[in-house]
Structure formats: C-alpha cells, structure tokens
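K.L.:
Next up is a structure, given as structure tokens.
The values are calculated or read from the model by the stated rules, or taken from the named source; none is laboratory data. What you see is a predicted model; the values in this text were computed from it and never measured. FYI the Cβ positions are ideal-geometry reconstructions off the backbone, even for glycines, and counts take in every protein chain you see.
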C-alpha cells in the first residue's frame, strides 16, 4: 500500500472537516444576510405605517409596492431560517426516549390544524416498543415536518395513519396519508436541497429531516402514487441492551 494514500478513516475525517467548514461559512453568510434584511423589513413596516391612510392613487400604489417588498422579505427570512437549520452542525443530545410518546406530543400540537383541515388521524402504536436513544427536539422537528407535509397534500381533507412497529434491531415508524401523492420523478428529488413543489417552499424541510435521521443512524424512505397517497417510513436503530447477569456470569466488583 502506498504510504501516501489516505485510509478510508482519514478520508472520511477530512470530508467531515471540509463539510463542517463549508457549513460554518454558509451559516455565517446567512447570518450576515439576515442583519440587513431585518433593517429592510423594519423600514418597510415604518413606511407602511406612513401610508396606512393612503388617499391618492399614487399613495395606494406605493402601499401595494411596500406590501410586495414586505412579503418577499418574509419569504427570504423563512428561507434563511430553514437554511440555517439545514446547515447547522451540532452534536445530538441523545436521551432514552419513548417514540410513541414523542409522536403523541407532536400530534397534540398538530390536532387543531388537523381538525381545521378535515384530517382524520388514526394511530397504531406498538405498546411493547423498546426505548430509543433520540434527540427529542430534532426528532420532533422531523415528525412535525412530515405531518404538516401530509396536511398540505390533503387540502380537501383525508386520513393520516401513523403506526409504530418493532423490527429486528430497530423500530419503524410509518406515516401514511391519502393525499395527492407524487410521481416517480418527484419522489427521487424530494430529499434534494432546495427542491420543492410548493409555492414559496424552501425545499429544505425533507433534506433536513433526512439529515437528522441519518445522524441517528437510521433511514427515511418514501413510496407514493399520484392520486392515492404517500407513505413515509422511518427506521431507527435500537440501542444494545445489557444482558442480565447469571450464575455463570458472576458480577465482579473492584
């Protein structure tokens, strides 16, 4: 072996370092953009107040143009916020967690939107689901993104089924909706950064979700059919369990 040739471990470490550097630079650039953007938004709000009682056609046209700038500033703000979430590199805060309880917590928050949109939610929770090591904040963000996507795919109402089940060495979470579905081309692109089929969407929600699931050592897959609905499946590994001591395996202290 050529001594100058990098080992797989060294190559991976170098790639991680490069990604971290790029992510840090991109995050810093996004923060720098947010500062003048905030100034623009503030001044647009002040101008809108000045023209709040527009009398002449010219003043009304000016107020309409101010509203357009305010709307685009908000869209940029949302895009930057989503980008910072995607680019952020941080260690996961892993804690023993009950996935069923985390799902229930997100659904309680989502319930008013579901009722408003005529969405019927059915849950099939495995009561014997093993505990997982999760970053609860990150996983909740993934779950909320998925249920909101399901809501947007069912503008006229529908059904959302959520199921947890145990697999060998892992736990699976299924989210199945009866929405508009996706064609094959869309399915192949939804985890690409900045790809979105929604007007005004950042295209970073699902890429961020995949990044979080990957960081947990899991995977996220999708199956969909136009006019039929979409099925997202998340698989998360179960942590190794410590085998109980037996007479043949005495516990030695000291």
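K.L.:
Does residue 113 satisfy being under 23 Å from residue 194 (Cβ atoms) and out of contact with any strand residue (DSSP E or B) (no Cβ under 7 Å at 6 or more places or on another chain)?
P.N.:
Taking the combined requirement at face value, the residue does not satisfy it.
K.L.:
Taking residue 153 as the residue in question, decide whether it is in contact with a helix residue (DSSP H, G or I) (Cβ under 6 Å, 6 or more places away or on another chain) and surrounded by 15 or more Cβ atoms within 10 Å (Cβ to Cβ).
P.N.:
It is false that residue 153 is in contact with a helix residue (DSSP H, G or I) (Cβ under 6 Å, 6 or more places away or on another chain) and surrounded by 15 or more Cβ atoms within 10 Å (Cβ to Cβ).
K.L.:
Of 112, 57, 96, which residue is surrounded by fewer than 11 Cβ atoms within 10 Å (Cβ to Cβ), modelled with pLDDT of 85 or more and closer than 30 Å to residue 170 by Cβ?
P.N.:
96
K.L.:
Within the range 113-122, can you find the residues that are free of Cβ contacts under 8 Å to residues at least 40 places away in the same chain and within 20 Å of the chain's Cα centre (by Cα)?
P.N.:
113
K.L.:
I would also like to ask the following. Looking only at the range 191-239, count every residue that is over 18 Å from residue 135 (Cβ atoms), without any contact (Cβ under 8 Å) to a residue 40 or more places away in the chain and out of contact with any strand residue (DSSP E or B) (no Cβ under 7 Å at 6 or more places or on another chain) and tell me the total.
P.N.:
9
K.L.:
Could you tell me which of the residues 181, 169, 227 is surrounded by fewer than 16 Cβ atoms within 10 Å (Cβ to Cβ), at pLDDT 85 or above and closer than 28 Å to residue 115 by Cβ?
P.N.:
227
K.L.:
Considering only the range 56-67, I want to know if a residue exists there that is closer than 22 Å to residue 167 by Cα, over 15 Å from the mean Cα position of the chain (by Cα) and not in a strand (DSSP E or B).
P.N.:
no
K.L.:
Does residue 129 meet the test of being assigned by TED's automatic domain parsing to the domain that holds residue 214, in contact with a helix residue (DSSP H, G or I) (Cβ under 8 Å, 6 or more places away or on another chain), crowded, with 16+ Cβ neighbours inside 10 Å and closer than 17 Å to residue 221 by Cα?
P.N.:
Here the answer is no, as residue 129 does not meet what is asked.
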